[in-house]
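Just so it is clear, none of the values below were taken in a lab; they were calculated from the coordinates. Keep in mind the model is a prediction, meaning the values are calculated, not measured. Because the Cβ atoms are built from the backbone with ideal geometry, glycine has one as well, and the counts that use them run over all protein chains shown.
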Amino acid sequence: MGKSVALRASSRTSGTELTAARLALVEFLLGCDDSTECAQRALDWLGSHTGVRQSLCLAPDADEMRLVAVAGCGLPSARISRFSVDLYQRDHPLVEALTSGEPREVSVNGYGGGGSGLPFAGRTAVLAIPLPSDRSESEDRRGLLLLSPASAEASREGHWVASVLGSKLARLGAERRLTAARDGRERDWAVLDSIVQAVPDPVLLTDAEGRMIVANARAEALLASSERESEGRRRAIALNNMLFSAALAGQALDRGEPARRELLLVDPADGSDLLFELLSTVIETAGEERRVVSVLRNVSDLRAATDELEQNYRKLHLAEAEIRAERDRLQLVIDAVADPILATDPSGAIVLMNDHAERLFTMRPGSAGDVGVRVQSNDAHFTAFVSNLLFADETVRYHGSLNLLEADTGDTLPFEAIAGKVLSAQGELVGVVTILHDQREALERQHLYDQLKRASEELEEKVRQATGELTRQNELLRRQALQLEHASALKSQFLANMSHEFRTPLNAILGYTSMLLQGVFGPLTDEQKKSLGRVDTSGRHLLTLINDILDISRIEAGKMPVHLAEFPVPELIAEVMAEVDPIISRTGLTVLKELALDLPPLNSDRAKVKQIVLNLLTNALKFTPAGSVTVAAAWEANRDRLLVAVADTGIGIAPEDQAKIFDDFSQADNSPTRAYGGAGLGLAISRRLASMLGGQIRVESALGKGSTFTLVLPRTLHER
Amino acid sequence: MTDQPLVLLVDDFQDNREMYALFLHHAGFRVAEAGNGHEALEQAFALVPDVIVMDLSLPGLDGWEATRRLKRDRRTRHIPVLALTSHALEGFSEGARAAGCDGFVTKPCLPEQLVAEIHALLDGARKPESRTSTQGGS
C-alpha cells in the first residue's frame with residue numbers, strides 16, 4: 001500500500017512541477033524505443049502526477065485480431081496479462097470506444113473475456129481514451145488508455161498522455177512495420193533471384209535495346225564480359241550481344257504472348273555454335289520504360305536429334321528401296337539362270353519358278369492337248385521328287401536324277417535335280433528350292449571330253465616320240481661338237497706345226513737372197529738384182545702369211561695371253577704412224593691425225609691394240625689409190641670406252657661385202673694387192689684380237705667413196 | 001787370224017747352218033759347226049768358242065739340254081749362248097732363258113741380223129757386269 005500512498009501524495013503537485021514532470025516524460029519517451037516500456041512509464045507517470053490509481057494500456061496484438069494489455073499500473077499483473085478483447089466483437093464497449101475515436105466512460109462489469117470483466121477494482125467508472133494515431137496510419141492501429149477513477153484531472157492529463165504516447169507508439173509501430181516490410185522485400189528478392197538462377201536456361205531482363213539489367217549466371221556467361229577474360233572470349237561475347245540485340249529488334253515486341261525465334265550464338269568457352277530458341281516477353285511497369293524478359297532455350301541438341309531422326313528416316317527409305325531392288329534383282333538372277341529353278345512350300349505346292357521352269361511345268365494358252373499331258377506328267381515326277389525331301393526330317397539336301405518331258409516336243413530331258421530345304425531362323429521348314437540341271441549338255445561334254453582326252457593322249461605320244469628324237473639328235477650334235485672341237489684343236493696344232501716347218505726353209509731362202517743382194521758372192525747385174533728383189537719380196541710376203549696363220553691358230557687354241565698395262569693412246573698412234581711411214585712416203589697419200597684432247601690412258605694389251613691399229617692403217621693405205629687417210633681417237637665418257645677410227649677416201653666396200661671382209665682369207669677386192677701383205681687375214685686377226693680385248697671393230701663404207709673402220713675398246717679391261 | 005772371234009753354229013738344218021757360216025765368215029768370224037746336241041757339246045769343250053749360236057730343236061739331245069750342260073760345266077760356263085728357233089709360240093723364249101741362254105732369236109732371221117745379235121752378245125761378254133740380252137723378233 002506504500003506505493004499508493006506515494007502516488008496519492010504526488011498527485012498534489014503544483015503547476016510548475018507538473019510542467020517539469022511532463023517534460024521528463026516526453027524526454028523519456030523520446031529516448032525509448034520499446035513500446036511496452038513507453039506505455040508503462042506513461043501509466044506510471046499518470047499514477048504519480050494525477051489521481052488515477054488504476055490504469056491499463058491496450059493495443060491490438062500482432063495479427064490485429066485482439067486487443068491486449070501492454071502495460072498496467074495499480075493492477076495485479078496476472079489479471080493484466082490475462083485480459084484481452086476480441087476486436088471482431090463490435091458491440092463491446094471498448095471496441096466501440098476504439099472505433100469511435102472518442103473518450104468515453106465504460107462500466108467495469110459485464111464485459112471482457114471469460115466473464116471476468118475489466119481488471120479494475122471497485123465499481124467506479126473507467127475512462128477509455130483512444131490513443132490517437134499518426135495521420136498516415138490506418139484507423140485499426142490504435143490503442144486505448146483505461147483510467148480509473150475517471151476524474152476531470154484524469155481526463156485532462158489522460159488526453160495529454162494519450163496524445164504523447166499515441167504518437168510515440170504510432171511512430172514505433174510505423175518503424176517496426178517499415179523494417180518488417182524491408183526484410184520481407186529482401187527475402188522476396190533473394191527467393192526470386194534463386195529462382196532465376198535455378199532456371200537451367202539463360203534468363204535475362206533487358207531494356208528494349210537489349211541492354212542487360214538482370215541476368216542469371218548462364219545468361220551472363222553468354223552475354224556479359226569482364227576485363228579479365230581473354231580476347232577471344234570477349235569478342236565472342238560482343239558478337240553474342242550484337243546477335244541478341246538484333247534478334248530483339250527483329251521481334252514484334254508486344255505485351256501478351258511471348259515472341260519466339262531461333263537465335264544462333266557462339267559458346268565463348270570453346271567457340272562452338274549454340275542454337276537457342278529465344279522467348280521474349282515485354283513487361284511494362286508504371287512510370288518505367290519497356291523491359292523485356294528473354295529466355296534462351298538451348299535447342300542445339302534438339303536440332304541434332306531432329307537431324308539424326310531425318311537421316312534415319314532417309315536411311316530407312318534407302319534400305320526399303322534397296323530391298324525392293326534386291327528382290328527385283330533376285331528375280332532377274334533366277335530368270336537369268338539357264339537351269340529351271342522352283343520353290344515349293346512345305347505342302348509341296350510350287351510357289352515360285354523361273355522362266356525355264358515355267359516351260360516345263362505350265363501350259364501356255366493355246367497349247368495343244370499333248371502339252372497338258374506332258375506338263376501334268378512333269379508335275380507328278382517333280383512332286384514325287386520333292387516329297388523325298390519333304391518327308392525326310394533329317395535330310396536338308398537331296399540329290400537325284402529326274403527324267404522330264406519337253407512340253408512342246410515330248411522329248412525326254414534328263415535332269416540332275418538338287419533340292420534344298422529352306423529353314424527359318426527358328427529351324428522351321430519354310431519351303432524347298434529345287435534346281436534342275438539339264439544333263440544333255442553334260443553328257444555331250446563328257447563325250448567331247450573323252451574325245452579330247454584321246455586326242456591329247458595321241459598328241460602326248462607324238463610329243464614323247466619327238467622328244468626322244470630330239471634327245472637323240474642333241475646327243476648327236478653334242479658328239480659332233482666334241483668332234484669339231486677336237487678337229488679344231490688338231491687344226492690349230494697342225495697350223496702351228498706347219499708354220500714352224502715353213503719357217504725353217506724360208507729362213508734359208510731369205511738368208512741367201514739377202515746375202516746375194518748384199519754382194520756376198522760378188523757383184524750382180526741389174527737384171528739379177530731385180531729378180532732377187534722379187535724373190536725377197538715374195539719371201540717376205542710368205543713370212544707375213546705364215547705369221548698371220550700362226551696368230552690365228554694361237555688365238556683359236558687359246559694360247560694368246562693378254563698382257564694388261566695402262567698406256568697413252570696418242571703415243572701408240574704415233575708409233576704406228578712411224579712404222580708405216582715408208583709406205584706413206586711411197587704412196588704420196590695425206591695422212592691426218594685427229595686426237596681428242598680429253599683422251600684418258602687406255603688399260604689394255606698394248607701390243608695387240610698396236611697390231612690392230614697397224615692393220616687398219618696399212619689396209620687403209622693399201623686400198624686408197626689417192627686422197628687421204630685420217631686416224632682419229634675419241635673417248636665416250638658416258639660408256640667409258642675409247643674409239644680409234646681409221647677413215648680413208650679409198651675404193652670402199654659394197655654393203656654386201658662388209659660382213660665378209662672379217663672372214664679368214666677374204667678380201668672384197670681380189671685384184672692383185674700391193675707389196676704389203678694382202679692374204680686377207682689381217683682383219684680376221686684384228687677382229688679376234690679386238691674381241692679378246694672386250695671390244696669390236698665396226699665398218700662404215702660406200703663403194704668408191706671410202707671406208708671408216710672404228711676400233712671400239714673398253715677404257716679398262718679387267719682380267720678374266 | 002786367231003784374234004777373230006770363234007762362233008760355234010749348232011743347227012740340224014744344213015742349208016741354214018751353211019748359209020749362216022758363209023755369212024759369218026764373210027762378216028769376219030771364225031766358224032765351227034755342229035749338226036746335233038752331242039756334237040755341239042764335243043765341239044764346245046774342244047774349241048771353247050767365243051759365242052755359241054744354238055738351234056733349240058735338235059734331234060737327240062736338244063738345244064735346251066745342251067745349253068744346260070754347257071752352263072753347268074766350268075770350262076764352257078762363260079760362253080754366251082744365242083738361242084735360235086723357228087718356234088714363235090709364247091713360252092719358248094722363257095724356256096730358253098731358264099736353260100741358260102743369253103739371247104733369243106726367232107727364225108726367220110736374216111744373216112745380217114744374226115751378226116748384229118752376235119756382236120751385241122760379245123760386247124756384253126767383254127763387259128760381264130753390263131751384260132744385256134737381246135730380244136730377237138720377226
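The mean number of partner chain beta-carbon atoms within 10 angstrom of a residue's beta-carbon across peptide A:495-501 is 2.
Along each principal axis, taking the top coordinate minus the bottom one, the Cα set of region A:260-383 gives 107, 34, 27 Å in descending order.
Cross-link partners of A:Lys453 among aspartates and glutamates, defined as those whose alpha carbon lies under 18 angstrom from its own and excluding same-chain residues fewer than eight positions apart: A:Glu441, A:Glu444, A:Glu461. Working ranking of peptides B:73-84, A:331-342 by packing, defined as the average number of other Cβ atoms within 10 Å per residue, highest first, is B:73-84, A:331-342. When the alpha carbon gyration tensor of region A:490-550 is reduced to an equivalent ellipsoid, the three semi-axes, largest first, read 29, 11, 6 Å. A protection proxy built from the mean count of other Cβ atoms within 10 Å ranks the segments B:34-41, B:7-14, A:18-25, most packed first, as B:7-14, B:34-41, A:18-25. The residues A:Asp648, A:Asp183, A:Asp605, when put in order of fewest to most other Cβ atoms within 10 Å, stand as A:Asp183, A:Asp605, A:Asp648. Here's the thing: no lysines lie within a cross-link span of A:Lys530, going by alpha-carbon distance under 19 Å and ignoring same-chain residues fewer than 8 apart.
Projecting the alpha carbon convex hull of region A:540-649 along each direction and taking the average yields 8.1 nm².
Across peptide B:15-24, the mean count of Cβ atoms from other chains lying within 10 Å of each residue's own Cβ comes to 4. Across all directions, the shadow cast by the convex hull of region A:444-497 built on its C-alpha atoms averages 4.0 square nanometres. The mean count of C-beta atoms from other chains within 10 Å of the C-beta of residues in B:101-108, rounded to a whole number, is 3. For region A:420-464, the alpha carbon convex hull comes to 90 Å³ per residue, rounded to a whole number.
Annotation for region A:346-386 versus region A:191-221: alpha-carbon center distance of 82 Å. Ordering A:Ser300, A:Leu144, A:Phe391 by Cα displacement along the dipole of the protein assembly as shown toward the positive end leaves A:Leu144 in first place; charges were set at the Cβ atoms of Lys, Arg (+1) and Asp, Glu (-1). Computed from backbone phi with θ = phi - 60° and the Karplus coefficients 6.51, -1.76 and 1.60, the 3J(HN,Hα) list for region A:221-227 is 4, 8, 10, 10, 10, 10, 5 Hz; x is used for glycine and proline. Backbone geometry of region A:41-52 corresponds, through the Karplus equation with coefficients 6.51, -1.76 and 1.60 at θ = phi - 60°, to 3J(HN,Hα) couplings of 5, 5, 5, 4, 4, 4, x, 7, 9, 10, x, 6 Hz, x marking Gly and Pro. The alpha carbons of region A:337-403 occupy a box of 43, 24, 21 Å along the principal axes, longest dimension given first.
Annotation: amide H-H contacts under 5 Å for B:Ala83 (H modelled 1.01 Å from N, sequence separation of 5 or more, or interchain): B:Met54, B:Asp102, B:Gly103, B:Phe104, B:Val105.
Rounded to the nearest Hz, the phi-derived 3J(HN,Hα) couplings of region A:480-493 under the Karplus curve 6.51 cos²θ - 1.76 cosθ + 1.60 (θ = phi - 60°) are 4, 4, 4, 4, 5, 4, 4, 4, 5, 4, 4, 5, 4, 4, where x marks glycine and proline.
Evaluated with a Cβ-only charge set (Lys, Arg +1; Asp, Glu -1), the protein assembly as shown carries a dipole of roughly 2760 debye about its Cα centre, given to the nearest 20.
Local charge sum around A:Arg329 (other residues, Cβ-Cβ under 14 Å, Lys/Arg +1, Asp/Glu -1)? Around A:Arg329, the surrounding residues sum to -2.
Ranking B:His26, A:Ala21, A:Ala181 by Cα position along the charge dipole of the protein assembly as shown, where only Lys, Arg, Asp and Glu carry charges on their C-beta atoms, puts A:Ala21 farthest toward the positive end.
Scaled to the globular estimate 2.2 N^0.38 Å, the Cα spread of region B:1-122, given as radius of gyration, is 0.94. In terms of packing, defined here as the mean over residues of other Cβ atoms within 10 angstrom, the peptides A:371-377, A:55-61 line up highest first as A:55-61, A:371-377.
Rg of the Cα atoms in region A:441-575, relative to 2.2 N^0.38 Å, amounts to 2.32. Projecting the Cα atoms of A:Ala496, A:Pro130, A:Leu94 onto the charge dipole of the protein assembly as shown, computed from C-beta unit charges around the Cα centre, puts A:Pro130 farthest toward the positive end. Between their Cα atoms, which of A:Lys559/A:Lys622; A:Lys491/A:Lys608; A:Lys610/B:Lys71 are more than 28 Å away from each other? Among A:Lys559/A:Lys622; A:Lys491/A:Lys608; A:Lys610/B:Lys71, the Cα-Cα distance tops 28 Å for A:Lys559/A:Lys622; A:Lys610/B:Lys71. In units of the compact-protein estimate 2.2 N^0.38 Å, chain A shows a Cα radius of gyration of 2.71.
Taking the square roots of five times each eigenvalue of the Cα gyration tensor of region A:375-488, the equivalent ellipsoid has semi-axes of 62, 21, 8 Å, listed largest first.
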